[in-house]
1. List the number of the failed condition for Thr134; all other conditions in (1) surrounded by 10 or more Cβ atoms within 10 Å (Cβ to Cβ); (2) over 27 Å from Arg30 (Cα atoms); (3) β-branched (Val, Ile, Thr) hold.
2. Let me confirm something: among Ile94, Ile56, which residue is of a type in the set (Val, Ile, Thr) and under 28 Å from Ile6 (Cβ atoms)?
3. Please name all residue pairs, on different chains or six or more residues apart, with Cβ atoms under 9 Å, provided the first residue is in the stretch 125-136 and is part of a helix (DSSP H, G or I) and the second residue is not β-branched (Val, Ile, Thr).
4. If I ask for residues that are crowded, with 16+ Cβ neighbours inside 10 Å and in a helix (DSSP H, G or I), which ones from the stretch 88-115 would you list?
5. Could you tell me whether any residue of the stretch 46-57 is surrounded by 10 or more Cβ atoms within 10 Å (Cβ to Cβ) and closer than 24 Å to Phe120 by Cα?
6. If you check every pair at least six apart or on different chains, which have Cβ atoms under 8 Å apart with a residue in the stretch 34-47 that is within 15 Å of Ala24 (Cα to Cα) first and a residue that is of a type in the set (Ser, Thr, Tyr) second?
7. What is the one condition in (1) among the β-branched types (Val, Ile, Thr); (2) outside any helix (DSSP H, G or I); (3) exposed (fewer than 12 other Cβ atoms within 10 Å of the Cβ) that Ile122 does not satisfy?
Amino acid sequence: MKAPAISLLAGLLFGAGLAVSGMADPARVRAFLDLFGTWDPTLAFVMAGAMLPMAIAWLIQKRMPRPIAFEAFDLPSTSLLDAKLLGGASLFGIGWGIAGLCPGPALADLAIAPFEAGIFVITMLAGMAAHRITAK
């Protein structure tokens, strides 16, 4: 029961952070990406502010023999830059630029703007299903 409770708490904290920071607001995200129009730099501060806690988390993780609620850490085994990774990153960036949403904020937005976010989430799930089918 410990792991699901920790996961739920982490998800709630993440969602609250997205909402408070403005990362769940598609208009703010698009304004951040609009470098030659009405650029809004506030999300750059959000992203920069996330770097310090993440750096601390990586330092703590390196000293831990195992996670608190699981048997082992689930870390990437490789840092290979291949066509799959670059293609996926490109699709993510294009979708983020067009919709102003990425998966985390889209799920958080289901509570705020269920219809708009729902379209994105359904499309995202369809893309995930298509990948699962074609990757085999």
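1. Here Thr134 clears every test but (1).
2. Checking each option against the conditions leaves just Ile56.
3. Short answer, once both residue conditions are applied: Gly127/Leu91; Gly127/Gly95; His131/Gly88.
4. Residues satisfying the conditions are Gly95, Trp96, Ala99, Pro105, Ala106, Leu107, Ala108, Asp109.
5. yes
6. Leu43/Ser21; Val46/Ser21
7. (2)
Conditions (1) aromatic (Phe, Trp, Tyr); (2) part of a helix (DSSP H, G or I); (3) modelled with pLDDT of 85 or more, marked per residue:
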site	(1), (2), (3)
Ala3	no, yes, no
Leu9	no, yes, yes
Ala19	no, yes, no
Met23	no, no, no
Phe32	yes, yes, yes
Met47	no, yes, yes
Leu59	no, yes, yes
Pro65	no, no, yes
Phe70	yes, no, no
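The values are calculated or read from the model by the stated rules, or taken from the named source; none is laboratory data. The structure presented is a predicted model; accordingly, all values stated were derived computationally and were not measured. Every residue, glycine as well, gets a Cβ built from its backbone with ideal geometry; the counts of neighbours run over all protein chains shown.
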